[in-house]
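Every read-out reported here was derived from the displayed coordinates using simple, explicitly stated rules and does not represent laboratory data. What you see is a predicted model, and the numbers here were worked out from it, not measured in a lab. With ideal geometry, Cβ positions are generated from the backbone for all residues, glycine too; neighbour counts draw on all protein chains shown.
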Amino acid sequence: MNELNILVNYKKDFWPISIALLVLFSSITGFFLLNQLYYYIAVAACGIIIFKKGGVRLGNVSVLLLIIACIISLLFNNVLSFFRAWQRLGVYIFILFMISPLLISKDAVIFKSKLFIYIWLITSILSVGSFFSYYLGINLFKVNGTELELGAGTFGGLMNHSMALGPSSALSTIFLFVLAILTNTKAKRYYYIAALLCLGACFLSASRAAVGASVVGCLVALASINKNHLSRTYKILFIIVAIGAVTFPIWGGVTDLVMQKQEKNKEMGGTMASREDKYGARIEEFESSPIWGIGYCTVNPQLDNVNRENGQIEPGSSWLAIASMTGIFGLLVMIPLCVSSIKKARRIKDDFWRGTLSGMMVFFILHMAVEGYIFAPKSYLSLIFWLLISIIDGKYYYERNNSV
C-alpha cells in the first residue's frame, strides 16, 4: 500500500498543509483558536488553487439541485429576518462551489485528496492527544472562558467542544484503522494503537452517536477493502473482538462516560430523551410544508429555541432538517446523492480510498440522523461531508477514465 506515500510530501505540500491547519485551527481546536474569518479564507484559498490550475467543469448536478431546493424553500416562505437565512445560504453556496463536487477537475481531485489526508493526519494527532489529556486533567472545552470539569458530555480534550472531539476522533479511528489494515511495515502496530486511542477519545467525549457510527464505519471499511475476500474480513474481525474481550478489564473504564450519559437520558425519559422534542418539532414543521419545507436554516420559533440575536438554531438531526427546511424536494436530492456516493466509493479500485471513503460515508449517513450540521455553513463537519462526497465523485470518475 503506497497510496499514502504518494500523496504525502511535506516539502512540496505547503498549500494543502496550510489550508488543513487553517480549517482545523479556526473550527475545532481548543488552543490557538483563530477567528472564523480564517475558516473562510482557507476555503477560498482551496477554490483559488483549484480554479488556477484550470480544467474545471460541471460535476455532480445533484449539488446544483440542492442549491435550487434551498432557494425555493426561502422564496416560498416568509422567513423571519433574524434567521439571516439568505446570508447563510450565500455562504453555504460559496462553500459548495469551493469544496463540493459541483465543479470538478483532475487537479481538483488530487488537491482535495491531499487536503483530506492532511486534515486526518492532524486530527488523528489531536484525537490521540485528547485521549491522554483526559488522564492529565486537561480539558479545553470552555464556557465563558472557564474550563469545564471532566464529565459525561463536558470533555473536549484538545478540542473546543465534546461534540467536536466525538466525530473528529471517530473519523480518525476509521482513517487509522484502514491504514493499519493495509500497511505491511512495522508501522502497522502503531496505526492500530493510534486507532484504539482515537476510539478511546471518542468514548471519553460521551458521544454515543459518534461511537456507534465509528464502529459501523470501521466494519464497512474492513468489508470494502476485503470485498473479494470475505474470509479475511471474518478473520480480522474475530481477532479484534477476541483481543477486545480479553483486554476489556484494562480499557473498559473509557466507556464510563458514555454509560453515565446513557443513564442520564434514561432518567429523563428514554435513550433519545435529549433530542425527542427537536425531532418532534422537525416532523411537525415538515408536515406543515412537505413539498418545499419551511425555509433553509429556519425553524418554527413556537416549536424550538432560536437565538434571535444571530439566528442560530440547533435542528437536532441533519436528515430531519433537510426534510423540514427543504421538504420532499431536498430529500429527493440528498438521499439518492448519499446512496450513489456509497455505491461509487465501494467501486473505487484503490484499497485505501475504497475503505476510507466507504467507512466515512456510512459514518456520516448514520451520524447525520442525530446531529443537525448539514446545512450549517460554518460547520466543520458539513465541510468534511462535502469534501468526502467530492473526492468519491472525482476518484470514481477519473479512475474509469484512467487519468487519476
- Which of Leu179, Leu58, Leu320 moves most in a GNM of the chain, Cα contacts under 10 Å? Leu58
- Message: With n ≥ 4 as the cut-off for DSSP H runs, can you work out [θ] at 222 nm for the chain, using -39500 (n - 2.57) per run divided by the number of residues, rounded to the nearest 500?
- Response: -22500 deg cm²/dmol
- In the range 344-404, which trypsin sites (Lys or Arg not before Pro) are in a loop and have at most 12 other Cβ atoms within 10 Å, using DSSP for the loop call? Lys349
- Query: Which ordering of Thr255, Thr185 is given by a fewest-first count of other beta-carbon atoms within 10 Å?
  - Reply: Thr185, Thr255
- Computed over the range 323-404, the Cα gyration tensor eigenvalues, each multiplied by 5 and square-rooted, give semi-axes in Å (largest first) of 24, 13, 11
- Query: Which whole DSSP H helices in the chain pass both tests: a Cα extent of 15 Å or more along the axis and a mean Kyte-Doolittle value no lower than 1.0?
  - Reply: 14-25, 37-53, 61-75, 85-99, 106-136, 162-182, 187-204, 208-225, 230-246, 318-347
- Task: Write out the GluC sites (Glu not before Pro) in the range 274-355 meeting two conditions: DSSP loop, and at most 12 other Cβ atoms within 10 Å of their Cβ.
- Result: Glu309
- Message: Under 5 Å between amide hydrogens, which residues at least 5 positions from Met159 or on another chain qualify, with H placed 1.01 Å from N in the peptide plane?
- Response: Gly30, Leu140
- Message: Exceeding 20 Å between C-alpha atoms, which entries from my cross-link table qualify? They are Lys344/Lys395; Lys53/Lys395; Lys235/Lys349; Lys343/Lys395; Lys112/Lys349; Lys349/Lys395.
- Response: Lys235/Lys349
- Item | Charge sum, other residues only, whose C-beta stays under 15 Å from Leu383's C-beta, Lys/Arg counted +1 and Asp/Glu -1 | +2
- Query: Anyone know which of Pro315, Pro16, Pro336 comes out most mobile in the 10 Å Cα GNM of the chain?
  - Reply: Pro336
- Message: How would Cys202, Cys70 line up from fewest to most surrounding beta-carbon atoms within 10 angstrom?
- Response: Cys70, Cys202
- List the residues whose amide H sits under 5 Å from the amide H of Gln312, counting only those 5 or more places along or on another chain, with H placed 1.01 Å from N in the peptide plane. Asn307
